[in-house]
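The values are calculated or read from the model by the stated rules, or taken from the named source; none is laboratory data. Small disclaimer: the values here were computed from a predicted structure and weren't measured. Cβ placement follows ideal geometry from the backbone for every residue including glycine, while neighbour counts extend to all protein chains displayed. Areas reflect the complete protein model, heavy atoms only, side chains present, ligands, DNA and RNA absent. Shrake-Rupley method; radii C 1.70, N 1.55, O 1.52, S 1.80 Å.
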Amino acid sequence: MLGRGWAVMGMVVAGAFAGISGQEQGRVTAADAQSWWRHAVIYEVYPRSFADSNNDGVGDLNGIASKLDYLEALGVNAIWITPCYPSPQKDFGYDVSDYTNIDPMYGTLADFEQLVVKARQHHIRVLMDFVLNHTSDQNPWFLDSRSSRSAAHRDWYIWRDGKGPGQPPNNWQSDFGGSTWTWDPKTSQYYYHYFEAAQPDLNWRNPAVERAMFDAARFWYDRGVAGFRLDAVDTLFEDPDLHDNPFVNGEMVNKYNDNLAQNHEVLRRLRTLSDRYNAVLLGETWTDNISQLKQYYGDHDDEIQLPMNFMFATINELSAPKFRHQIDSIESSGEWPVFVITNHDMERSYNRYGDGVHNDQIAKLMAALYLTLRGTAVMYYGEEIGMRNNDPTRLEDVLDPLGRMDWPKNKGRDGERTPMQWSDAPNAGFTEGKPWLPIPATFKTYNVASELQQPDSILNFYKSLLRLRRDNPALAEGDYVDVAPDDAHVLCFLRRYQHRSVLVALNLSSQPQHLDADLARYGLGTARVTTLLSTMHNDPGDLRQARLDPFAALIVQVDQ
Ligand code: GLC
C-alpha cells in the first residue's frame with residue numbers, strides 16, 4: 001500500500017499566476033449551484049483491467065464504453081479513469097509521455113471523445129487522472145531537458161550538482177526506494193524524482209510548467225471531461241535550498257519535499273480554471289490529520305472540492321470507535337466528506353476487512369458504511385462483486401515497480417489490479433487473449449453475470465444500496481447524527497432531512513449485538529419503522545430491542 005509520510009512546512013512564497021489567462025481569472029463562479037458531484041458516486045476504472053475490446057490482454061477505452069450499460073445499472077454517476085495517456089507504462093500510466101493524447105494500447109483520441117459522449121447518454125461523467133508532479137523520462141520535455149544544460153526545457157525539471165563526487169545533493173528518499181536523485185552522465189548533474197527514476201519531477205517553480213500543464217487540463221475540459229483526479233498533489237514543490245530531511249523515531253520525515261505551502265497556490269489556480277468548466281477536482285490527498293486534510297479544501301473552499309479521506313480508508317480493522325472517530329472529525333470540520341475504502345494502491349477491501357469466514361457479509365457491511373454517510377463516495381472497480389487480491393507468489397511474476405523493490409515484504413500492487421470479473425467464461429470474460437495479470441480462481445463464483453442471478457449477492461446489495469442512496473432524500477441531503485456514540489461494536493446513525501429520517505445500524509463485530517440507540521432523544525421514540533435494506537433475514541421489529549446479527553447492516557426509514 002502506498003501511504004506517504006507527511007510534514008507541514010509553514011513557508012509561503014508568492015507564485016506566478018502563470019497558467020491562467022486574465023480573462024479566466026475573473027470568472028470564478030459559485031460552482032456550488034451546479035455541484036453534481038456532491039451526491040455522486042465516482043467509480044474508479046483501471047483501464048488496463050476493466051474490459052478488453054480487442055483481445056490483446058489489456059483493457060481499453062472501447063472496452064469501457066461497452067460496459068456503460070452495466071455502470072448505469074449499477075448506479076454510479078461518474079467514472080475516474082486512471083491515466084490512459086501515452087506512456088512507457090513503467091508505473092502503468094503514472095509516467096506520462098504526452099499529456100494531450102491517448103496511448104494506442106487504449107485506443108485513440110476519437111475513441112475517448114466518443115466514450116465521453118456515450119457516457120453522458122448513460123448519465124455518467126468522465127474524470128481523468130492528472131499526473132501533475134512528474135512526467136515519464138520519455139516525455140519530450142524531459143528528453144530535451146536532459147540533452148544539455150542549456151536546453152530549452154532544462155529548467156522544467158529539477159537538476160542539481162551533487163554534494164561531492166558520487167554524492168547526491170541531499171538525503172531525500174524516494175517513495176519507490178533509494179535516493180530521490182539520479183545521476184545523469186550526459187550533463188553531469190542529478191535530477192530529482194519523488195517516485196521512480198523513470199518519473200522525473202516537474203519544476204513547478206517554473207511558470208512555463210504551469211502553463212503547459214494547465215493547457216493540458218483545458219485540452220481535456222474542452223473535450224467534455226468533468227474533472228480530474230489529482231495525482232500526488234502533496235509532492236509538487238520542494239525546498240529550493242534542499243535541506244536534508246530530519247528523522248523522527250528512526251524514520252525520515254519528508255519535511256522539505258512534501259506538503260509545501262506552494263502546493264496550495266497551484267491548486268487555487270487550477271480550481272479557478274476548473275470552475276470555468278464547472279469541473280470537479282478529486283484529490284489524492286494522503287494526510288495524517290484532519291487539519292492537513294482541511295487545507296486541501298482551501299481556506300475559502302477554493303482548492304480541491306473532493307480531497308479523498310485516506311485516514312478513513314486506512315483503518316484496517318472493523319473498529320466502530322476508529323471509524324466513528326474519523327467520521328466525527330470530518331463531520332465537525334465543516335467540510336464535505338469524501339469517503340473511499342480502496343483503490344489501485346491499496347490491498348482490496350475484501351481482503352483487508354474480511355475475517356476469512358464472513359467476507360461477503362463484511363463486504364456488504366463496508367458498503368453500507370461508506371455509502372450511507374454524508375458526502376461523496378469513491379468506489380473501486382470490482383469492489384461491488386467482492387473482488388479480492390490476487391498477489392504474485394514469485395518475484396519473477398511481479399510487474400509493479402513497488403513490488404519488485406521490496407519483495408517479498410511488499411508484494412506490490414498487482415494483486416489489486418487484476419482484470420474485472422465479468423462472467424465465469426475463460427479469463428472471466430475480460431479478454432479472449434492472455435490477460436496482462438492473472439485472474440484468481442474465485443472468478444467462477446465472483447463475477448458480474450453470476451452475481452446478477454443471485455438475489456443475495458454482493459453485487460445486488462450494492463445495486464440496491466446505490467439506488468437507495470440516489471432516491472432517498474435523507475441519504476442524499478440529510479445531516480449525520482451519531483445515536484450510539486459510545487457503542488464499541490455498532491455504528492448507528494441517523495440521516496435526517498426535513499421530516500424524514502433514515503437510521504443506519506452496522507454491527508462491526510462477529511457477535512450478535514443489541515441496538516442501544518436513544519431515539520426518543522431525537523423525537524423518534526414512537527417512530528414507525530420501515531426496513532429499506534437489510535442483510536438480515538428477520539425483521540428488526542421494535543428498534544429499541546432490535547438484535548443485529550454478526551456483521552449485519554440495517555437501513556430503516558423512521559417516521560414520526
Ligand atoms: C499515485 C498513484 C500511484 C502512482 C504514484 C506515482 O500515488 O495513485 O499509483 O504509483 O502516484 O505517480
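Model label points for Leu395 and Arg467, set 7 angstrom from Cα along the Cα-to-Cβ axis, are 5.1 nm apart. Between the amide H of Trp80 and those of Tyr43, Glu44, Val45, Leu127, distances stay under 5 Å, these residues lying 5 or more places away or on another chain, with hydrogens modeled in the peptide plane.
Of the residues His537, Ser457, Ser510, the one whose Cα sits farthest toward the positive end of the charge dipole of segment 422-558, with +1 on the Cβ of Lys and Arg and -1 on the Cβ of Asp and Glu, is Ser457.
For segment 378-474, build the charge dipole from Cβ charges (+1 Lys, Arg; -1 Asp, Glu) around the Cα centre, then report which of Phe443, Met405, Trp422 sits farthest towards its positive end. The Cα lying farthest towards the positive end belongs to Met405. Available extension along the chain between Asp288 and Glu72 is 74.3 nm, counting 0.36 nm per residue and deducting the alpha carbon span.
Please work out the average accessible area per residue across the chain, using the 1.4 Å probe convention, and give it in Å². Before the final figure, lay out the partial values.
Values: 20890 Å² over 560 residues.
Result: 37 Å² of accessible area for each residue.
Rounding to the nearest 20 debye, state how big the charge dipole of segment 42-200 is about its Cα centre with +1 on each Lys and Arg Cβ and -1 on each Asp and Glu Cβ. Write down the numbers at each step before the final one.
Values: 12 positive and 20 negative charges, 94 e Å.
The dipole magnitude comes to about 460 debye.
The per residue volume of the convex hull around the alpha-carbon atoms of segment 245-361 is 148 Å³.
Excluding residues fewer than 8 places away in the same chain, name every one of the aspartates and glutamates whose C-alpha is closer than 17 Å to that of Lys118. Straight-distance partners of Lys118: Asp60, Asp69, Glu72, Asp222.
Taken over segment 31-137, the alpha-carbon convex hull comes to 109 cubic angstrom per residue. Solvent-free Debye calculation, one equal scatterer per alpha-carbon of the chain: log10 I(q)/I(0) at 0.09, 0.12 Å⁻¹ equals -0.69, -1.22. Rg and Dmax of segment 208-255, both derived from C-alpha coordinates alone, stand at 16.7, 49 Å. The value obtained for segment 67-192, namely the Cα convex hull volume divided by the number of residues, is 126 Å³ per residue. With the cut-off at 1.5 for a/c, could you classify segment 344-459 from its C-alpha gyration tensor as rounded, prolate or oblate? Verdict is oblate for segment 344-459.
So, R0 is 22 Å and r is the distance between the beta-carbons of Ala261 and Thr314; what FRET efficiency does that work out to, to 0.05? Don't skip to the answer; put the middle values down first.
Numbers: r = 25 Å, r/R0 = 1.13.
According to the calculation, E is roughly 0.35.
Cross-link partners for Lys411 among the lysines, with Cα-Cα distance under 23 Å and sequence neighbours closer than 8 places in the same chain left out: Lys90, Lys434.
Using the Karplus relation 6.51 cos²θ - 1.76 cosθ + 1.60 with θ = phi - 60°, the per-residue 3J(HN,Hα) values for segment 102-114 come to 10, 5, x, 5, 9, x, 10, 4, 5, 4, 5, 4, 5 Hz, with x marking Gly and Pro. Legend: translational diffusion of segment 81-127 by Stokes-Einstein, Rh = Kirkwood radius over C-alpha pairs, 37 °C, 0.692 mPa s; D = 294 µm²/s. Within straight-line reach of Lys255, meaning a Cα separation under 22 Å, sit the following lysines at least 8 residues removed in sequence or on another chain: Lys163, Lys294. Across the accessible surface of the chain, with the other protein chains kept in place and a 1.4 Å probe, carbon and sulfur atoms take up 48 percent.
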